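Notes for the one structure printed next.
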Amino acid sequence: MVNSESYTEGTAFSHTLDETTTITENGRSKTDSSSIKVSISVMYAPESIVILQMNSGNTVISRTEYNPSEMPDDLTLETEAAYFIVETHKLDNIGNSVISREIYSSDVEGIETFFTREDGFCVKQGTRIINR
C-alpha cells in the first residue's frame, strides 16, 4: 500500500467502506447501515522535539529537547515567555534532516506532538501548557 521511498510527508490516503443490511421479519423490514472511513497521512518519524521559549524581544530564554515518546504530560512556561516554538526534528526517506516548526502564544492550553510506535505508525500525544 505505502512504500517509504515513494511518498513524501503530507501524502494522504483514505478509504471508505459502506454496508447496508435489511432484515424482513413478520412482514416488517428493518435496515441498518454503517460507514467506516480510514485516513492515513504519511509523515517522517520524529527523531526529537525541541521546545524554544521566547520572550517579547524574540530572544530564546529556554531550550529543552525531548525524545518524542517522552514528552511530558505538562509543560510549565517560564514567566517571561511571550510565546514558544515547537520544533520536530526528522529524517526524510533518503536521510536528509527535516525540521517542522509550530509557533504558539503563551496562553495556549495545550499542544500536540507525535511519536513513532515500534510498528512504524506515528501516534499523536497531548501536552498541557501551564503558565506561571
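Amide H neighbours of residue 91 under 5 Å, at least 5 residues apart or on other chains, H built in the peptide plane: list them.
Residues meeting the amide H criterion: 45, 47, 98.
Whole-Hz ³J(HN,Hα) for each residue in region 40-51, computed from phi via Karplus 6.51 cos²θ - 1.76 cosθ + 1.60 with θ = phi - 60°, x for glycine and proline: what do you get?
Here the 3J(HN,Hα) series is 10, 10, 7, 9, 6, 5, x, 9, 7, 10, 10, 9 Hz.
Mind sorting out which of (i) 21.6, 77; (ii) 16.0, 50; (iii) 14.8, 46 is the real Rg and Dmax of the Cα atoms in Å computed from the coordinates?
(i)
Relative to the present Cα-Cα distance, how much length would full extension add between residue 62 and residue 109 at 0.36 nm per residue of separation?
This chain segment gains 15.0 nm when fully extended.
Using +1 at the Cβ of each Lys and Arg and -1 at the Cβ of each Asp and Glu in region 36-116, identify which of 77, 103, 41 lies farthest towards the dipole's positive end.
Farthest towards the positive end: 41.
Given R₀ = 35 Å, what would the calculated FRET efficiency be for residue 130 paired with residue 38, taking r from the Cβ atoms and rounding to 0.05?
That gives a FRET efficiency of 0.50.
Going 7 Å from the Cα of residue 13 along its beta-carbon direction, which residues of region 38-52 have the amide nitrogen within less than 15 Å of the resulting point?
38-44
We did not get these values from a lab; they are worked out from the coordinates using the rules stated. Everything numeric in this text was worked out from a predicted model, so none of it was measured. Virtual Cβ from ideal backbone geometry, glycine too; neighbours counted across all protein chains shown.
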